[in-house]
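What follows draws every value from the coordinates through simple rules; no lab data is involved. What you are looking at is a predicted structure, and each value in this text was computed from that prediction instead of being measured. Cβ sites come from the backbone with ideal geometry, for glycine too, and all protein chains shown count toward neighbours.
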Amino acid sequence: MDKLIYMDNSATTPVKKEVLETMLPYFSEKFGNPSSVYSLGSQSKVAVEESREKIAKAIGAKPKEIFFTAGGSEADNWAIKGIAYANKEKGNHIITSKIEHHGILHTCEYLEKQGFKVTYLDVDEYGVVDLEQLKDSINDETILISIMYANNEIGTIQPVEEIGQIAKEKGIYFHTDAVQAVGHIKIDVNKLNIDMLSMAAHKFYGPKGIGALYIRQGVKIDPLISGGGQERNRRAGTENVPGIVGMGKAIELAYKDIEEKNQKLIYLRERLIKGILDNIDHVRLNGHPTNRLPGNVNVCFEFIEGESLLLSLDMEGIAASSGSACTSGTLDPSHVLLAIGLPHEIAHGSLRLSLGDFNTEEEVDYVVEKLVDIVARLRAMSPLYEKVKEGK
Amino acid sequence: MDKLIYMDNSATTPVKKEVLETMLPYFSEKFGNPSSVYSLGSQSKVAVEESREKIAKAIGAKPKEIFFTAGGSEADNWAIKGIAYANKEKGNHIITSKIEHHGILHTCEYLEKQGFKVTYLDVDEYGVVDLEQLKDSINDETILISIMYANNEIGTIQPVEEIGQIAKEKGIYFHTDAVQAVGHIKIDVNKLNIDMLSMAAHKFYGPKGIGALYIRQGVKIDPLISGGGQERNRRAGTENVPGIVGMGKAIELAYKDIEEKNQKLIYLRERLIKGILDNIDHVRLNGHPTNRLPGNVNVCFEFIEGESLLLSLDMEGIAASSGSACTSGTLDPSHVLLAIGLPHEIAHGSLRLSLGDFNTEEEVDYVVEKLVDIVARLRAMSPLYEKVKEGK
Amino acid sequence: MYSEKVMEHFRNPRNVGEIEDADGIGEVGNPKCGDIMKMYLKIEDGVIVDVKFKTFGCGSAIASSSMATEMVKGKTIEEAMKVTNKAVAEALDGLPPIKMHCSVLAEQAIKAALLDYAKKNNIEIEGLEDFDPTEDPHEH
Amino acid sequence: MYSEKVMEHFRNPRNVGEIEDADGIGEVGNPKCGDIMKMYLKIEDGVIVDVKFKTFGCGSAIASSSMATEMVKGKTIEEAMKVTNKAVAEALDGLPPIKMHCSVLAEQAIKAALLDYAKKNNIEIEGLEDFDPTEDPHEH
Ligand SMILES: Cc1ncc(COP(=O)(O)O)c(C=O)c1O
Ligand SMILES: Cc1ncc(COP(=O)(O)O)c(C=O)c1O
């Protein structure tokens, strides 16, 4: 293949052509500040509000419940810190899970240093949170439950509806980090009793640097970024108009024909999984076998390490990622893979292939073919594999 | 004139053509996540680091002292809250001024609710902070001085160097909101003893939704947005690569031929001020007569109200703004104009015309001509003017 | 932000000016708050035969004044008393929430002028018994 | 992220494999930490005549192993003892800061193999008196 095979759509996606086209006029022509009185400003304001409506519609919310942020991490931080600080008179306990994105985990750890108490729920071998443990963890001090919608590494979809029900019954706010779910799975915040929901446009073919937090009307939350009166006084800063416009278009496109797109993705996903499992030994699939993101494949190849796998794939023109956050300054294996019970040495050999709208069957077959070679080559170099062959 | 006359460059600026062009490849082609191992990711990483270098160079900082944010407000919030929370064992007192942007003021007010103490320094009639009061306000608990570089409404440039000197002598962190200064005035963070500095790309012909906080090496500051390891673990979130690239290009262009550009701006500014003062009575210039932003004109027309002035200008194709934040949900006149001692009724009649690289002498003259008519028309409608004419 | 109707009345306000020998003059608002409205009424046989206004204020204040004068012109005092702030706002195809006080101000200005007329002529107008023209519409 | 040199050694690692009748074998690292290096030395008359490695680890671990074997091949034991982690990293045109431990691991793997050789042959190698191959290079 001479073109790049991009199978890291969970990390980020390219901006779709139609999306970029809708954004373009807002950089240099319709560039007005939406807060301005004059026509150039009102134009921007209208564009922002139209986008807000599209996003609200996509998740069954009201437009005034959508607040734009700079992305998923800001939305996560806002939800967690905003609820914690605004409701600290009510209680100081937060419940989350061990497999959350660092945007949630590190924020919770930060709050622990400020005196809050946090329960990190366990997950089962498929990465599903333990609902009994959730119920048992709730106490009089509990002010927030934050459980992600779908996991970014292993793709497992959480029992969000049940969690929403539990939260509602107990009168506790429920936030879900839906950064991996929005644009990929149908969501209805009312049906699911979700009080807050984080999203990021660049995960569904929208631009980087823009996201949103859905905040149910009536939820008591402090701002994370104070200042000007934008976003109805809840999130200050001159609006990123092109980004907002792009996000609106992207979410609209994402939910168009979503069933068909997902059918195709699931077909490709299963073909990829089967191809890997049938052709390579000492490999295991991570995450839930069926209840997972349509495009997510996560496997562990024993006896080899993730980064060398990625570099080898890159040499073949294949872009993928590994659970081990090699480049982010830590050498620890993925906290998600450890939470589902994998030993460290196996967790190090993980590979995430996340499929998107532009992937083809041909690409899937090519990736399987290359993986067979690469895994064989790296194992031939591995002192661990040698021991297995020798039966040690 | 049939084209729009845009004189609200302090609110936001159009993205320059060259800037947009450098951004374009990063939306749909070079769209990789900079944290990724593969080439597509490294490409983005390189682009981000090149931009960081450009920004660092522009203000005399090291690249690793530049941290990207979603804009000026985030940078302001981060500086204030980050220092407050990280240094609360050292002290709980912050000094700022009465004429700061709301990004600073509302953040300080928020911290007051969390138990911090804040001193809001007075300014003189030109909007210059009182250095004696600053010195007198410092106590053992003072952990931060935050004074803006140049005011966004009246353009007054603050004695930043002196403030930096005072802060340094006392061993107190000094943050400056330089959102209106970066790209418009030469800045050297070392010469000025600045420890933190906020900026926003959309104020100097870069895109909206991207900004940066300069943090001097060694400054103890908490993150505002925790999560992934981006920005050396200090500001989480997938990097807004096109935005970052655009900001780098924009700052480079902004400081190219800055002397010449500012000479032109100052010429236009003085022509505009003279035109207004010579042709309209009962008008006063706000801000410092000379030590002000090259493009800033701020005047008060007595007996008329700012918004109707703006609407009238808009009808003539002129985009400008008023100190009174009519649209932001408050009807109070500008806190800046009140701080320089204007009575409420005069503060209501303020007009800010902020010139930029695209304005011409012809436009300036046209605006003066139109202003004469508009002010006359609105005054003819004003019951306050009637009284003046009658000598009451 | 504003409806086309508001902008139209802002662009071409009706009945701007003063009436030299007005029968009733009302002034409401406060320069501190950024809006003052002054209404002049000419009343003949209980009918408002002419009306003029002067306003210091934002676009919607001027438009509300203009619309209010239109709505009371040619009306009897009783009819004019029924022109509520809501009616003014509706006639303008609505006002932004934070601008609703402008229509309140317009209603009050009319009433203040009617009260002035009543006082000067020593009559009582039904509905003005408890009216206080100095009340701040921003608090509404 | 990596230099061209690192990538070149990752793409074409030198001296991969095992030596059946090795004179010294050293294994360092820990699968938990995601990297293990195993070095095989063939030593004749105090000279390293052949060297092979097997590595489980990231790209820079493989490249460091490869480079280290190149650097000791044909060298005397004394010369090989002078191959430091810094020298390995430099020969690779540098490593990212968080990957420096890979070069440390490579140095240790050589030393561990030399120590094994020394023990088997009951000799002392200068500089290995305090060497502990189980020490964690991540702590460096
Ligand atoms: C002085 C000053 N500080 C902060 C800001 C906030 O910047 P932004 O709107 O990009 O968040 C602005 C502009 O609005 C400003 O002029
Ligand atoms: C589940 C989840 N939450 C949060 C984030 C953070 O989003 P962003 O990088 O846009 O800030 C991501 C993606 O990186 C994610 O996958």
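Could you work out how far the C-alpha centroid of the stretch B:28-58 sits from that of the stretch D:19-63, in angstrom?
So the separation of the two Cα centres works out to 36 Å.
Could you tell me what percent of the DSSP beta bridges with both partners in the stretch B:42-156 are antiparallel, to the nearest 5?
Of the beta bridges lying entirely in the stretch B:42-156, close to 10 percent run antiparallel.
Go through the stretch B:56-62 residue by residue and turn each phi into a ³J(HN,Hα) via Karplus (6.51, -1.76, 1.60, θ = phi - 60°); whole Hz please, and just put x for glycine and proline.
My calculation for the stretch B:56-62 gives 4, 4, 4, 10, x, 9, 8 Hz in order.
Give the dimensionless ratio obtained when the Cα radius of gyration of the stretch A:17-254 is divided by 2.2 N^0.38 Å.
Ratio of Rg to 2.2 N^0.38 Å for the stretch A:17-254: 1.01.
Relative contact order for the stretch B:134-187 using alpha-carbon pairs under 8 Å, separation at least 6, rounded to a whole percent?
Value for the stretch B:134-187: 43 percent.
Once the cut-off is 44 Å, how many percent of the Cα-Cα pairs in the protein assembly as shown end up in the long-distance tail?
44
Quantify how strongly other chains surround peptide B:311-318 by giving the mean number of their Cβ atoms within 10 Å of each of its Cβ atoms.
Shielding by partners across B:311-318 averages 5.
Using the alpha carbons of the stretch A:149-240, what is the convex hull volume per residue in cubic angstrom, as a whole number?
So the per-residue hull volume is 109 Å³.
Under the Karplus relation 6.51 cos²θ - 1.76 cosθ + 1.60, θ = phi - 60°, what is the ordered set of whole-Hz ³J(HN,Hα) values for the stretch B:111-128, x standing for Gly and Pro?
5, 4, 5, 8, x, 7, 10, 10, 9, 9, 5, 6, 10, 7, 5, 8, x, 9
Output the pairs from B:Lys81/B:Lys113; A:Lys30/B:Lys208; A:Lys16/A:Lys256; B:Lys17/B:Lys256; D:Lys42/D:Lys86 with a Cα-Cα distance over 19 Å in this structure; if there are none, say none.
D:Lys42/D:Lys86, as the Cα separations exceed 19 Å there.
Measure out, as a whole number of angstrom, how far apart the alpha-carbon centroids of the stretch A:355-392 and the stretch A:303-319 sit.
Here the answer is 9 Å between Cα centres.
With a 10 Å radius around each residue's Cβ, average the other Cβ atoms per peptide and rank A:100-109, A:244-253, highest first.
A:244-253, A:100-109
For the stretch A:9-94, what does the equivalent ellipsoid look like in terms of its semi-axes, each the square root of 5 times an eigenvalue of the Cα gyration tensor, given largest first in whole Å?
They are 30, 19, 13 Å, listed largest first.
Averaging sequence separations of C-alpha pairs under 8 Å and six or more residues apart, then dividing by the length of the stretch B:17-254, give the relative contact order as a whole percent.
Across the stretch B:17-254, relative contact order equals 28 percent.
How large is ³J(HN,Hα), in whole Hz, for each residue of the stretch A:154-162 in order, when computed from phi with the Karplus curve 6.51 cos²θ - 1.76 cosθ + 1.60 and θ = phi - 60°, using x for Gly and Pro?
9, x, 4, 8, 8, x, 4, 4, 5
If you take each beta carbon of peptide A:10-16 and count the beta carbons of other chains within 10 angstrom, what is the mean?
6
Give the long-range amide H neighbours of D:Val16: residues separated by 5 or more places, or on another chain, with amide H under 5 Å away, using H modelled in the peptide plane at 1.01 Å from N.
Under 5 Å from the amide H of D:Val16 lie the amide H atoms of D:Phe53, each far enough along the sequence or on another chain.
Treating chain D as a set of equal point scatterers at the Cα positions, no solvent, please give the Debye-formula log₁₀ I(q)/I(0) at q = 0.09, 0.19 Å⁻¹.
-0.22, -1.03
For chain B, what proportion of DSSP beta bridges, expressed in % and rounded to the nearest 5, is antiparallel?
If I count the DSSP bridges inside chain B, around 55 percent turn out antiparallel.
Taking amide H atoms as placed 1.01 Å from N in the peptide plane, list the residues 5 or more away in sequence, or in a different chain, whose amide H sits under 5 Å from that of C:Thr76.
Here C:Ile48 satisfy the definition.
What residues qualify as long-range amide H neighbours of A:Thr156, i.e. H under 5 Å apart, gap of 5 or more or another chain, H built at 1.01 Å from N?
Here A:Asn151, A:His288, A:Leu293 satisfy the definition.
How many Cβ atoms of partner chains, on average, are near each residue of A:74-84 if near means within 10 Å of its Cβ?
3
Dividing the convex hull volume of the Cα atoms of the stretch B:257-389 by its residue count, what figure in Å³ per residue is obtained?
Each residue corresponds to 114 Å³ of Cα convex hull volume.
Who wins for biggest fluctuation among B:Gly341, B:Gly127, B:Gly206 in a Gaussian network model of chain B, springs between alpha carbons below 10 Å?
For chain B, modelled as a Gaussian network with Cα springs under 10 Å, the answer is B:Gly341.
When the convex hull of the C-alpha atoms of the stretch B:195-245 is computed, what volume per residue in Å³ does it have?
Residue-normalised Cα hull volume stands at 88 Å³.
Note the angle between two axes, namely the Cα long axis of helix A:72-86 and the longest principal axis of the Cα atoms of chain A, as a number of degrees from 0 to 90, rounded to the nearest 10.
With rounding to tens, the tilt is 60 degrees.
Defining a contact as two alpha carbons under 8 Å apart and six or more residues distant in sequence, what relative contact order in percent does chain C show?
Computed value for chain C: 28 percent relative contact order.
Given a 10 angstrom Cα cut-off, can you work out which residue in B:Ala212, B:Ala79, B:Ala61 is the most mobile in a GNM of chain B?
B:Ala61
Compute the separation of the alpha-carbon centres of the stretch B:91-150 and the stretch D:79-93 and state it in Å as a whole number.
54
Of all DSSP beta bridges located in the protein assembly as shown, what percent are antiparallel, nearest 5?
DSSP beta bridges in the protein assembly as shown are roughly 70 percent antiparallel.
Please report the base-10 log of the normalised intensity I(q)/I(0) for the stretch B:208-323, using a Debye sum with one equal scatterer per alpha carbon and no solvent, at each q in 0.13, 0.18 (1/Å).
-0.81, -1.02
For the stretch B:115-156, state what percent of all Cα-Cα pairs lands in each successive 10 Å bin, counting from 0 Å until the bin that includes the largest distance.
24, 52, 23, 2
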